[in-house]
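Here is the structure we will look at.
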Amino acid sequence: MRAEQPANAAPTKQPRVEVDPFEAAAATLTKTHSFGPFSEYIIIGAGPGGMQLGALMESAALDYRIVERGSGPGTFWERHPRHEQLISLNKRFTSRTGAEHAEFNWRHDWNSLLPPVGAVGSPRFSDFSKEMFPARKDYLQYLRAYHRFYDLKVQFEFDVTTIGRRSIDGHEGFVLRSSTKRLQATCNYLIVATALGRPHVPAVPGIELAEGYEHVDVAEEAYTDQRVLVLGLGNAAFETATRAQNTAGYVHMVGRSHGGLKQSYFTHYVGDLRSINNNILDTFFLKSLDTVDVEVDLEKLNCSLTKRSLEGKDEIVFSCDGAKNNPSYREGYDRVIRCLGWVFDDRMFEPEVKPLLNRDFGRLGGKYPALKDTYESANVPNLFFAGTLSHAHDYKKSAGGFVHGFRYTARALFRMMQLNHRGVRWEAQRQLSSSAIDVAKAVQARFQSSSGLYQMFGELCDVVLVSKGDTATYMEEAPLRFIMNSAFPPNLRLVLTMHMDYGNKGHNGKGDLSFATREVGRAHYSQFLHPIIRAYLPSAKRGGLPSLVSEFHILEDLLTTWDVPEMHLQPLVEWISRVYLGDLASQEELLAHRFDELRANLTEGERSSGAKKFDAYFGSFTFPPSHASATAASI
C-alpha cells in the first residue's frame, strides 16, 4: 500500500527512464521484410561482417538479403567470449575533437561498424559502453541497434545446411537450402560471413574427455581447488586460465608456439596474446604453481587423454611421447579444457561449390578459405567471403580478422563488386592536379588521418593514377594485391601507391621500445608503423601491369600525425618531383645513372641485398629497371 503524501509536500521525484536514442530512432524505420525465392546478392551471417556489407548494399539500393540462422543479429556474442570481456579497444578520447578529426578517431574505435557514405546518426559503440575493454552484452546491444538503424534486410531463422550450384539465366549462381527443407533461396552472388564457426578438435586419443571452450563453465566456483589443464595458448585459452586461476589449485597450459609465446605488444598482431589475458604468466614466472609449456604439439608428440580412478576419485591423465622427460604432468587433472581455436566450417557446401582452403596451398592448415585478390574464392566463381573469413590475406599480420579491420575489407569488397559487376566507379575517388606539391599534400592528408590504412597496414593502399596531362585520379583504400594485378590504361604517366606498415623488425617479437631512427635520410629504418609510398610504371612487357621503380618511407612518428613539414611533407614533395622527371625512357636513364652514383653510399649489407637499393638522402629505395619487372611480379 502506498502511503498518503501530505498536501504541502514536494512532489515525489519520479525515477528517470533512460531511452536509447538509437532504439527510438530505429523504431520509426524498422519494418517487416518479405523475401521471394531470389536475391541478386545473399550474405550468410548477420554478424558484424555481414551487417557491414549489408549496410553498404542497402545504401546502394542493391537486391540483397542476409540469411541468419538465429532469431536476431550477432548471435555469436550471446555466448562469446565465454568470460564476457572483449579485447577490442573502446578508446573514446584521443585529445582530438571536432569533425576534422573524425576519421583519425576511428583508428581507436575498434568496435563500431562504418556508416555508408552520406549516412547521418549512425550508432557508435562508444554510446553503449564507457569501458576500454567492454562487455560482450554491450556489443550485442550495439549490433542490434545497428541492424535496426539501417533496417537491414535479414531473413532470420534460416539455417543454411546445403549450398549448391544453380544456373540462373546463364549465370553461375547458387541455391541455399535450410535444415527444414521448407526454406530455399537462390542468388547470383553469394557472400559467406559466418566467421570461423567450427571449433578445432585435433585427432588426439581421448580428446572427448576435454571440455570445449564453447561450453566451458564460466563460474569461478566450479574450479575451486581443482587441478586444471588448458589445451591451447591463444587468447581464449589464457582467458579461461585467468578465470580458473582465482580459485583453482593450479592451472597448467600446454600448446605449441613456434619461436616462443607470441604476445601482441611485441608482434603488433592483435590476435596474438593480449596483455589483458596474460595474468597467468605472473604466477608462472613467480613460481606460484601455474605453468605454461609452449613446446607441446598435441598431434606430433602423440599426446593422449585417459581417465583413471585413484583412491575412488576420477581424474584425467595427460601424456605425450615427450612427457617422460618432463614429469610435470605426472599427476592427473580434475578437468581438461580444450581452447584450440576455430576453423572455417565448409560442411554446408556441396562438392561442385566447395571452396579450397589454405591447406590446399600449404598455408595456415586450412583455417581460412583460399582467396583471390578480390576476396573471391580461389576456385568457385561468384563466391565471396567477408568479415573474419577475409583474413586469409593478412593472417598473423594485420587486423583483417577483427571488426576494426574487416569493416574496411568489407567496404573494399563492396567497392570492387560495384566496379566489376555494375561498372560503378570507385566510391572514394576524386580528381586533383598532378603537380608534385598537390599530390604530396593529398597523400599526406590521408596518412595523417586514414583509419582504414592505419588498421589494415600492408593490405589496403591509396592509389594515385597520374595521367600524361596535368591531372591525377586519387582512389582510397583498395587492396594492394588488387592494384598490383590490375592493368592500367596506356595514357598513364605514373602510378603511386601509399600504404602503412612496420619496419623489417616490426614483427620479430623482441619488443624493442627504442626508436629505430630520428633522421629523415634514414626513414627507411623506421620500425614503428609509418607510411610507405611506391612509384610504378605501366609495363608493356607485363600487359599493362605496374612495375615498381621506387619506394619512399616517411619517418616514423609516435603521434601518428606526420605533420612536421621539413620531416614529412618536404622530403615527399622532393621525391615525387624526382620521380616525375621525364617519360619512361628518361626515367630508366635516370635510374640507371643513380644506381651507380649511389653505390658508394651503401653499406656492405645494403650492397649485397640485391636489386633493392636506397637513396641515402631521401630515405627511399630504388629499383634499377633491369630488376623492376621481377620485383613487382613477386609482390
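The values are calculated or read from the model by the stated rules, or taken from the named source; none is laboratory data. The model shown is predicted, which means the values in this text are computed figures rather than measured ones. Here Cβ is always computed from backbone atoms with ideal geometry, including for glycine, and neighbour counts include all displayed protein chains.
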**Study point:** Some residue of the stretch 248-260 being assigned to a loop (DSSP other than H, G, I, E, B), touching a residue at least 24 places away in the same chain (Cβ under 8 Å), basic (Lys, Arg) and within 30 Å of His391 (Cβ to Cβ)
**Key:** no
Scan the stretch 25-45 and give yes if some residue there is in the same structural domain as Leu176 (by TED's automatic domain parsing), under 32 Å from the mean Cα position of the chain (by Cα), under 22 Å from Asp138 (Cβ atoms) and at pLDDT 95 or above, otherwise no.
-> yes
Hey, any hits in the stretch 234-247 for a residue that's part of a loop (DSSP other than H, G, I, E, B), surrounded by fewer than 22 Cβ atoms within 10 Å (Cβ to Cβ) and in contact with a helix residue (DSSP H, G or I) (Cβ under 6 Å, 6 or more places away or on another chain)? yes
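How many residues, within the stretch 281-291, are over 22 Å from Ser319 (Cα atoms) and either part of a loop (DSSP other than H, G, I, E, B) or touching an Asp or Glu at 6+ places or on another chain (Cβ under 6 Å) (or both)?
Residues that pass the stated criteria total 4.
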The lone condition Val403 fails out of (1) surrounded by fewer than 20 Cβ atoms within 10 Å (Cβ to Cβ); (2) outside the structural domain of Val573 (by TED's automatic domain parsing); (3) among the hydrophobic types (A, V, I, L, M, F, W, C) is (1)
Check your understanding: Among the residues of the stretch 261-280, is there at least one that is assigned to a loop (DSSP other than H, G, I, E, B), surrounded by fewer than 15 Cβ atoms within 10 Å (Cβ to Cβ) and touching a residue at least 12 places away in the same chain (Cβ under 8 Å)?
Key -> no
Does the stretch 327-348 contain at least one residue that is modelled with pLDDT under 90, surrounded by fewer than 17 Cβ atoms within 10 Å (Cβ to Cβ) and of a type in the set (Phe, Trp, Tyr)? no
Quick count over the stretch 292-323, residues being under 26 Å from Leu273 (Cβ atoms), not hydrophobic (A, V, I, L, M, F, W, C) and not in a strand (DSSP E or B), is 4
Taking first residues from the stretch 489-508 that are at pLDDT below 90 and second residues anywhere that are among the hydroxyl-bearing types (Ser, Thr, Tyr) and part of a loop (DSSP other than H, G, I, E, B), the pairs with Cβ under 6 Å that are 6 or more apart or on different chains are Gly503/Ser526
For the stretch 449-481 the number of residues that are surrounded by fewer than 19 Cβ atoms within 10 Å (Cβ to Cβ) and not in a loop (DSSP other than H, G, I, E, B) is 4
Residue hits (the stretch 281-321; surrounded by fewer than 17 Cβ atoms within 10 Å (Cβ to Cβ) and among the hydrophobic types (A, V, I, L, M, F, W, C)) are Phe285, Leu286, Leu289, Val294, Leu310
Among Arg107, Arg144, Arg124, the single one that is farther than 22 Å from Ala46 by Cα, charged (D, E, K, R), at pLDDT 95 or above and assigned by TED's automatic domain parsing to the domain that holds Val192 is Arg107
Of (1) crowded, with 18+ Cβ neighbours inside 10 Å; (2) charged (D, E, K, R); (3) in contact with a Phe, Trp or Tyr (Cβ under 9 Å, 6 or more places away or on another chain), Arg198 satisfies every one except (1)
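Here's the yes/no breakdown for (1) part of a loop (DSSP other than H, G, I, E, B); (2) within 30 Å of Thr32 (Cα to Cα):
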| site | (1), (2) |
| --- | --- |
| Arg65 | no, yes |
| Gly70 | yes, yes |
| Ser88 | yes, no |
| Phe93 | yes, no |
| Glu100 | no, no |
| Asn105 | no, no |
| Asn111 | yes, yes |
| Pro116 | yes, yes |
Counting only residues in the stretch 146-185 that are more than 29 Å from the chain's Cα centre (by Cα) and of a type in the set (S, T, N, Q), the one surrounded by the most Cβ atoms within 10 Å (Cβ to Cβ) is identified as Ser178
Restricted to the stretch 565-593 and to residues being at pLDDT 50 or above and outside any helix (DSSP H, G or I), the residue farthest from Ala472 (Cα to Cα) is Leu581
Glu78 vs (1) crowded, with 19+ Cβ neighbours inside 10 Å; (2) closer than 30 Å to Ala241 by Cα: all pass except (1)
